[in-house]
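What follows is a short report on a single structure.
The values are calculated or read from the model by the stated rules, or taken from the named source; none is laboratory data. All of these numbers come straight from a predicted model, not from anything done at the bench. When we count neighbours, we look across all protein chains shown, and the Cβ atoms used for this are built from the backbone with ideal geometry, even at glycine.
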Amino acid sequence: MHVIVTGGSSGIGLEVARQYLRSGAKVSIIARNARRLDEARQDLERSVAAGVGRIGLVSADVAVEAEISSAISACELTFGPCDILVASAGIVEPGLFDEQSSAVFAGQIDTNLLGTINSVRAVYSGMKIRRSGKIMIISSGAALIGIHGYSAYCASKSALVGFAEALQAEARSFGIQVAICFPPDTLTPQFEQELPKRSPEARRLMGAAAAWPADAVAAKIVSAIDRGRSKTFFGFSLTALGWIGPLLKPALLWWFGRETKR
């Protein structure tokens, strides 16, 4: 089995790669930073001794379609066709809408939304020909409700919901499983960089729930892929938002608006 993980040099993607290596899969990791990719390989080879020789690394920016297409072709040349794609590459840069530059805003759309679409496009035609394959799109709990100071991130991650649902409808008849998951705050290097930039208003909304360990999030993602679940939520609050959000959000947003005015 060949698993390709974008954004796999750290965080959730790295832990997903580790779990699949432990299960005996061949794993290709794609990320922008070559140094971090090499560090990820060393980390994985230390923790999964039997993984030596089953780890492929390719440096590419998912936001650039030609780069990710070439990277996935290289991965498939090494380990064979992609059986599972985990589209985990993503960035977050909190900031008030009218204070954040258009370039920073667009960068999150380009990586989180278009980068995911580019990655899926690069494996989809092959899966369609083989009439098999699994695609897991990593969205975020931020896709389920608007968060103060996260207009770009929420927009990019919520757009993935519509993409995933539409693609599910198209892919089903070709034996391709398309799924999406909504991780909570997760203890990753990116989270450590993001947290100091989070607005006080966002902290009131998000601060009550403890961040999840990356390996626990990865375990749930891998389990969801194995079980063929189309949507995966984490924890009571996000699960409630995911299934009955239209009923809950008016009250939540009213409360949040009241708290913001204080």
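Taken as a whole, the stretch 88-96 holds no residue that is among the charged types (D, E, K, R) and closer than 29 Å to ARG229 by Cα. Looking only at residues of the stretch 57-94 that are of a type in the set (Asp, Glu) and over 18 Å from the mean Cα position of the chain (by Cα), we find that the one that is nearest to ILE29 (Cα to Cα) is GLU76. Among the residues of the stretch 97-147, how many are free of Cβ contacts under 8 Å to residues at least 12 places away in the same chain and not in a helix (DSSP H, G or I)? Of the residues in that region, 3 qualify.
Please determine whether any residue of the stretch 190-207 is in a helix (DSSP H, G or I) and under 15 Å from the mean Cα position of the chain (by Cα). Yes, the conditions are met somewhere in the stretch 190-207. Of all residues in the stretch 118-136 being β-branched (Val, Ile, Thr) and under 16 Å from SER73 (Cα atoms), which is nearest to the chain's Cα centre (by Cα)? So, considering only residues that are β-branched (Val, Ile, Thr) and under 16 Å from SER73 (Cα atoms), the one nearest to the chain's Cα centre (by Cα) is VAL120. Residues in the stretch 38-93 that are among the small types (Gly, Ala, Ser) and part of a helix (DSSP H, G or I): ALA40, SER47, ALA49, ALA50, GLY51, ALA66, SER69, SER70, ALA71, SER73, ALA74. Note on the stretch 1-32: residues that are of a type outside the set (A, V, I, L, M), within 16 Å of the chain's Cα centre (by Cα) and more than 18 Å from ARG46 (Cβ to Cβ) amount to 4.
Residues that are at pLDDT 95 or above and surrounded by fewer than 19 Cβ atoms within 10 Å (Cβ to Cβ) within the stretch 173-189 comprise SER173, PHE174, GLY175, GLN177, listed in sequence order. Residues that are under 30 Å from ILE129 (Cα atoms) and among the small types (Gly, Ala, Ser) were ranked within the stretch 190-221; the one that is surrounded by the most Cβ atoms within 10 Å (Cβ to Cβ) is ALA218. Within the stretch 121-139, the set of residues being crowded, with 21+ Cβ neighbours inside 10 Å and either touching a His at 6+ places or on another chain (Cβ under 9 Å) or on the phi > 0 side of the Ramachandran plot (or both) comprises just one member, GLY133. Please verify whether ILE29 is touching a residue at least 60 places away in the same chain (Cβ under 8 Å), surrounded by 18 or more Cβ atoms within 10 Å (Cβ to Cβ) and under 23 Å from SER125 (Cβ atoms), treating the condition exactly as stated. It is false that ILE29 is touching a residue at least 60 places away in the same chain (Cβ under 8 Å), surrounded by 18 or more Cβ atoms within 10 Å (Cβ to Cβ) and under 23 Å from SER125 (Cβ atoms). Contact map, the stretch 216-239: first residue in contact (Cβ under 8 Å) with a residue 12 or more places away in the chain, second residue surrounded by 17 or more Cβ atoms within 10 Å (Cβ to Cβ) and among the small types (Gly, Ala, Ser), Cβ cut-off under 6 Å, separation 6 or more or different chains; pairs are SER230/ALA179; THR232/ALA224; PHE233/GLY242; LEU238/GLY141. One residue is enough: does the stretch 68-90 have a residue meeting the conditions closer than 20 Å to ASP215 by Cβ, surrounded by fewer than 18 Cβ atoms within 10 Å (Cβ to Cβ) and touching a strand residue (DSSP E or B) at 6+ places or on another chain (Cβ under 9 Å)? Within the stretch 68-90, not a single residue is closer than 20 Å to ASP215 by Cβ, surrounded by fewer than 18 Cβ atoms within 10 Å (Cβ to Cβ) and touching a strand residue (DSSP E or B) at 6+ places or on another chain (Cβ under 9 Å).
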